[in-house]
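Q: Shown below is the structure under consideration.
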Amino acid sequence: MMKAGVFRALLVTFITCLLLSCSEKQSVDTVAVAKAEVPIDGAELYKQYCIACHAEGPGHPGTMRLGIRLGEDKAVLTKRTDLQAVYVKTIVRQGILLMPPFRPSEISDAELEALAEYLSTITKT
Ligand code: HEC
């Protein structure tokens, strides 16, 4: 009786693990496919990776630090008129002071290209 209960519990655990690992794998595949199909959009990438720290207003460490270090007119990245693509790419890969670097496994070279272009061409409009 006791043994059967233990066995059943093990079986249930085993099946649950199987199911979980299957569904996890499937969702990873779906993400990979979705990523490959969506064109790279600098503005979207900015929202995804940068805006948490660089949005306008208080509570955003990037905006706050840049306001202190360079002045309020240079605090919000999307309002800057002096950002060059090559500078943005260097900062994203290497980090700067409180900003952590992003590896190519997080932001690919192609994505970084789009991101840098977004931040540097936005200045010309
Ligand atoms: C975890 C918070 C954080 C994230 C996420 C983040 N940054 Fe930063 N970033 C900072 C901070 C803080 C600074 C200011 C560093 C300092 O001066 O101390 C900064 C500075 C910069 C600068 C330098 C600006 C200048 O004039 O020197 C650039 C460019 C920049 N970030 C771009 C980006 C981009 C593009 C992304 C998204 C891929 C990003 N950051 C994501 C925190 C962040």
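Read the figures in this text as sums done on the coordinates, not as results from a lab. What you are looking at is a predicted structure, and each value in this text was computed from that prediction instead of being measured. Cβ: placed from backbone, ideal geometry, glycine included. Neighbour counts: every protein chain shown.
Q: Determine, for TYR118, TYR87, the number of other Cβ atoms within 10 Å of each Cβ, and report the residues in order from fewest to most.
A: On the way: TYR118 22, TYR87 13.
If I rank by nearby Cβ atoms, fewest first, I get TYR87, TYR118.
Q: Against the empirical 2.2 N^0.38 Å scaling, what ratio does the C-alpha Rg of the range 42-121 come to?
A: On the way: Rg = 11.7 Å, N = 80, 2.2 N^0.38 = 11.6 Å.
Compared with the compact-globule rule of thumb, the range 42-121 sits at 1.01.
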